[in-house]
1. Among the candidates 246, 308, single out the residue that is modelled with pLDDT of 90 or more and not assigned by TED's automatic domain parsing to the domain that holds residue 67.
2. If residue 337 meets every condition in (1) closer than 30 Å to residue 194 by Cα; (2) aliphatic (A, V, I, L, M); (3) at pLDDT below 90 apart from one, which number is that one?
3. Would you confirm whether any residue within region 397-408 is surrounded by fewer than 18 Cβ atoms within 10 Å (Cβ to Cβ) and in a helix (DSSP H, G or I)?
4. Limited to region 281-291, what total is found for residues that are surrounded by 18 or more Cβ atoms within 10 Å (Cβ to Cβ) and modelled with pLDDT under 90?
5. Taking residue 349 as the residue in question, decide whether it is open to solvent by 40 Å² or more (accessible area, probe 1.4 Å), under 20 Å from the mean Cα position of the chain (by Cα) and modelled with pLDDT under 90.
6. Residues of region 176-195 being under 13 Å from the mean Cα position of the chain (by Cα) and at pLDDT below 80, which ones?
7. Please tell me if residue 107 is modelled with pLDDT under 85, basic (Lys, Arg) and either closer than 29 Å to residue 271 by Cα or in contact with a strand residue (DSSP E or B) (Cβ under 6 Å, 6 or more places away or on another chain) (or both).
8. Starting from residues that are modelled with pLDDT under 75 and open to solvent by 80 Å² or more (accessible area, probe 1.4 Å), keep the ones in region 21-76 and report whichever is nearest to residue 176 (Cα to Cα).
Amino acid sequence: MASWWWWWSEAVVVGGGTGGGSSGTVVSICVFTAVLCVCLVAGHLLEENKWVNESITALLIGCVVGAIIFLLSEGKNSRILRFDEQLFFIYVLPPIIFNAGFQVKKKQFFHNFLTIMSFGIFGVFISVAIVSTGCYWLFPKVGFGDLGAVDFLDLILFTTTALGAIFSSTDTVCTLQVISQDETPRLYSLVFGEGVVNDATSVVLFNAIKNLDITQLKGGVALKVISDFLYLFFTSTMLGVTIGLSTAYALKALYFGRHSTDREVALMALMAYLSYMLAEFLDLSGILTVFFCGIVMSHYAWHNVTESSRITTRHIFATLSFIAETFIFLYVGMDALDIDKWKTSETSFKTSLGIFGIIISLVLLGRAAFVFPLSIMSNYMSGSSEKAPITFNHQVVIWWAGLMRGAVSIALAYNQFTFSGVTLDPVHATIITSTIIVVFFTTLVFGFLTRPLISAILPHQHRQSTTPGTGGGGRSTGSNSPKDDFIMPFLSPDEEASGSGSGFLQAKRSISMLLERPVHTVHIYWRKFDDRFMRPIFGGPMERDRGNCY
């Protein structure tokens, strides 16, 4: 028995190292797969109360497994597999972001487009500015400026700027699991939409910051960051839209389902992955590209495949995204016990605690600095439109939803400050350990408090029941359910058929309608353009089924 434990621990160490043997690698993969299965089972058993989600479960299980491996290896290792920073960005993040775009409810997303984009873009800039400035001024006060690094001022300037982007990326999983999409469709749309746009914006902004030469900063550096961001944002978006449209046209023109539905699913999956890799090859934002590729595919390409392929794609993309997120949190749980990083950081407990407190405080402040003002501005711009205002309670939920940090923050931190999961620089090691602590604290503490908070400020309202349907949604059984509004098309059938609805004529004749209700007006003209030019070429739902795709 003792020899077996020794062999297993050595195999884990070999598999978790730099590739010391095929047997060790096989053992590591087998063990990690088994632990992933344990996470799935535990998440299922804890699903009913929803006090914890898969992210919290994976973190805790990762800690337990990491502690076991740490003891078996006599303090040499705490991971089953050694991290490779390319692993996250090439294999793990693409399915997460693509599924977010593919599953997004487009009617609600674009109906609240201006509010979502203001949260997801302008909010990120505000948060980055507050977190970066606060870290730059407060880190030296807790002893983080006494590490003896060469050109420490330049180093800490870049580090704090990068930290601003890293800790501005949110993880809204805990909140979305508690919010009822049927009872508060607009709130759900705002939280979900802001979450995915926030992640994409954080990555694009992070890449723009990486391209800066900190040693030669000039007065126009802010303009350069903004210009680089805009270039990456729009070119990445257009690339994703182009590949999505190309996929839709190929599926419509060639009719793959005539011979094999497997080819339909394979083409959509491979083209989505191609969009990501092509963006990375062109030094663009692969995350933004694959996100908009997912939106376009779900709007056009998804309707050009057979019914069985539609069901398959919905579930396979969601499954891959779920496994990828679980993988990340599981790895972070194990890596938290990596003693080498803690030794390399060379920071005292007091300094580490100070850094953690500063980051958490700035995250809270940075989030509040844009959620509440932008919500008030959104309510003011909505005016007397049919959209319900964002109440103060809803603003608190939106603010809380973005306090948790997750997959993207971890990926950005590891990609910038480690090489194959290892760092020998004290500053970089401190950043990694601080990121792990922040992810742990926000996911566990804020995640546990999410349900009681939302239950307190958004009391449950009894609604008519819904019956589950395919594709991860529910189809309303009553005419008064909020789901009816969720699946309704932008215009009523009479307005679309006759083109003489009062809202349409008013939007067409009056420039004041465009100023008062810009999003609604743009929707009307976009629908006309989409019906007349886009759908005949790239495909889409029939007139009677159009509402279901929104």
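The values are calculated or read from the model by the stated rules, or taken from the named source; none is laboratory data. Predicted model only: the values in this text are computed from it and were never measured. With ideal geometry, Cβ positions are generated from the backbone for all residues, glycine too; neighbour counts draw on all protein chains shown. Accessible surface areas use protein heavy atoms only, side chains included; no ligands, DNA or RNA. Shrake-Rupley method; radii C 1.70, N 1.55, O 1.52, S 1.80 Å.
1. Values: 308 fails: modelled with pLDDT of 90 or more.
Being modelled with pLDDT of 90 or more and not assigned by TED's automatic domain parsing to the domain that holds residue 67 holds for just one of 246, 308, which is 246.
2. With respect to (1) closer than 30 Å to residue 194 by Cα; (2) aliphatic (A, V, I, L, M); (3) at pLDDT below 90, residue 337 is out only on (1).
3. Start the filter on region 397-408 by keeping residues that are surrounded by fewer than 18 Cβ atoms within 10 Å (Cβ to Cβ), which leaves 399.
Next cut, in a helix (DSSP H, G or I) only: 399.
The answer is yes, given that some residue of region 397-408 is surrounded by fewer than 18 Cβ atoms within 10 Å (Cβ to Cβ) and in a helix (DSSP H, G or I).
4. Initial filter on region 281-291 (surrounded by 18 or more Cβ atoms within 10 Å (Cβ to Cβ)): 284-291.
Next, from what is left, pick out any that are modelled with pLDDT under 90: 284-288, 291.
So the count comes out to 6.
5. Details: open to solvent by 40 Å² or more (accessible area, probe 1.4 Å): yes; under 20 Å from the mean Cα position of the chain (by Cα): no; modelled with pLDDT under 90: yes.
No; evaluated as a whole, the condition is false for this residue.
6. From region 176-195, those under 13 Å from the mean Cα position of the chain (by Cα) are 176, 191-195; that's our starting set.
Once the filter is applied, which keeps residues that are under 13 Å from the mean Cα position of the chain (by Cα) and at pLDDT below 80, region 176-195 yields only 176.
7. It is true that residue 107 is modelled with pLDDT under 85, basic (Lys, Arg) and either closer than 29 Å to residue 271 by Cα or in contact with a strand residue (DSSP E or B) (Cβ under 6 Å, 6 or more places away or on another chain) (or both).
8. 51
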